[in-house]
1. For the residues His451, His133, what sequence is obtained by ranking on other C-beta atoms within 10 Å, fewest first?
2. Residues in segment 292-318, backbone N under 20 Å from the label point at Met327 (7 Å along the Cα-to-beta-carbon vector): list them, ranges by number please.
3. Among the lysines, which have Cα under 27 Å from the Cα of Lys100 when same-chain residues fewer than 8 positions away are ignored?
4. Contour minus end-to-end for Asn308 and Ser223, with contour as 0.36 nm per residue of separation and end-to-end as the Cα-Cα distance?
5. Nearest 10 degrees is fine. How inclined is helix 361-378 to the longest principal axis of the chain, computing both from alpha carbons?
6. Over all directions, how big on average is the projection of the convex hull of the alpha-carbon atoms in segment 421-518, in square nanometres?
7. In sequence order, what are the phi-derived ³J(HN,Hα) couplings for segment 485-493 according to the Karplus relation 6.51 cos²θ - 1.76 cosθ + 1.60 with θ = phi - 60°, rounded to whole Hz, with x for glycine and proline?
8. Expressed as an acute angle from 0 to 90° and rounded to the nearest 10, what is the orientation of the C-alpha long axis of helix 4-16 relative to the principal long axis of the chain?
Amino acid sequence: MKSKQAVIIALFLIVSNFNLFAQLTNEQVDSLVNKAMETFKVAGSAVAIVKDGKIIYEKGFGVKSKKTNEPVNEHTNFAIASNSKAFTTAALAMLVEEGKIKWTDKVVDHIPEFTMYNPYVQQNFNIQDLLTHRSGLGLGMGDLMFFPDGSDFTIDHLLSSFQYFKPVSAFRTKWDYDNLLYLVAGELIARKSGMTWEEFIKTRIFEPLKMDNSYAALDDMLSKSNLASPHNGDSGTLKVLPDFKEMINGAAGGIYSNVDDICNWMLLQLNKGKYGENLEHHLFTEESQREMWKIHTTIDASQNPRYNSHFAGYGLGWFLTDKKGNMEVSHTGGLPGMLSKTLLIPDINLGIVVLTNTEPGGGGFFYAVSSTIEDSYLGLDDFKWTDKLGKVLNDRAEKGDEVSKKVWETVEANKNVKIDETKFIGTYKDIWFGNMEVFKKGNQLWIKSHHSPKLNGAMYFYNANTFAIKWEYQDMNCDAFAMFSLDENGIAQSIKMKGISPNIDFSFDFHDLDLQRIEKE
């Protein structure tokens, strides 16, 4: 007897062979984007498509800011976040071609201060290991040094921190996304090129490609008149957020760009590193592109029969998979209130970019829009991505909200429980994150980070030795539990932490902290 799953798959295959739809017209893309913006409650967005060497569609939708209601256009800049990683790997490819580095060079040979969690990994960690999320460290480990922004961590802090992180897998055996190692790659670019990562990206990539309105750092943007503001919609209404400022360097996610300029970037990629009116120039060679578009770390491929995918993995700054016999090269990006996606199908000379200024809806938005456009070029049926993802994300948000609601209901129910707050007051140190202090602020127990000033907030008794922290920083959903361990006299000796909401962003890696009581320094 066929299993229920097998029957569903069979029916899916039968249905998917009908109702094929052609490549979307510009009017259909307009309609798609407008519906998706309404579904996912996105303030503003911009979309562009390149095909066969030409820009065939580019347009802005919605507003740059709910405060000004000024419209988005194709030149409006958004933070492209982790889509910046491909620019970093392209920069390294250029240095490889110039003979200044080799992909397999050991990092310590160029940055002697670089550390890792054991001597073997430290001595054998090469440049490609910085880029391929196979370090053995856990998802987003150490990101709390930079999320939220505004901390005072330096490159010296960063280079020395990896020795203190605890691996979750064997070196080069498992994919776990990280950001900090890309910052090390940015430092390597600076040391080998003699210019900052930002200067390199500007002069060696943006200027040749005529990406004249793109910026490697927010501070480089002299006029912010056409800059989209980030928004957060967790409360049910769109709240305008301050711009996120990258620290140390922007190699992991610091670029601000627009769909018109990114079209030039996608055309460069689809032309195998060549650019110019007659493709007479090259930024990097086809050999370098093959290296960047080769799977270095494998990821489980989707079993969705819709795309008949056989492989998936991460190259150098790009996600790679196959869909209906075509290679797909893509990346996404996310910062507070800014979400984006770049997608290339080299086999059919197609590129799609989607930029948004709203979280959390922007993730569903960029996926629905890019997938619907992509499917039309792959000759697939209209999968109703907007409707389906809208429901999935709405259900996910509701479940997460319910978890958080119950936590704060428990806090309210226990507000009259008498506890000796003096037993928790003190300074606690994590070996890589530094000190956090628990103290009284007026009549309220409070906690603050000494390195990351935005991480400060009130502590409310939850249960047993656990408190719920309501951070003053609310640009993202990141409230956390603080769980104290006590000695035989009931005095707190350490703190473990974890996010309250199941939907917390992975960069808030509170769970990686091991805070131990110290005498005040």
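A short reminder: the numbers here are calculations on the coordinates, not readings from a lab. Note that the structure is predicted; figures quoted are calculated from it, not measured. Neighbour counts are summed over all protein chains in view; Cβ atoms, including those assigned to glycine, are modelled from backbone coordinates with ideal geometry.
1. His451, His133
2. 292-302, 307-318
3. Here the lysines satisfying the reach criterion relative to Lys100 are Lys85, Lys192, Lys202, Lys210, Lys272, Lys274, Lys294.
4. In short, 26.0 nm is gained.
5. It is inclined by approximately 20 degrees.
6. 6.1
7. My calculation for segment 485-493 gives 10, 10, 8, 5, 9, x, 8, 5, 10 Hz in order.
8. It works out to around 40 degrees.
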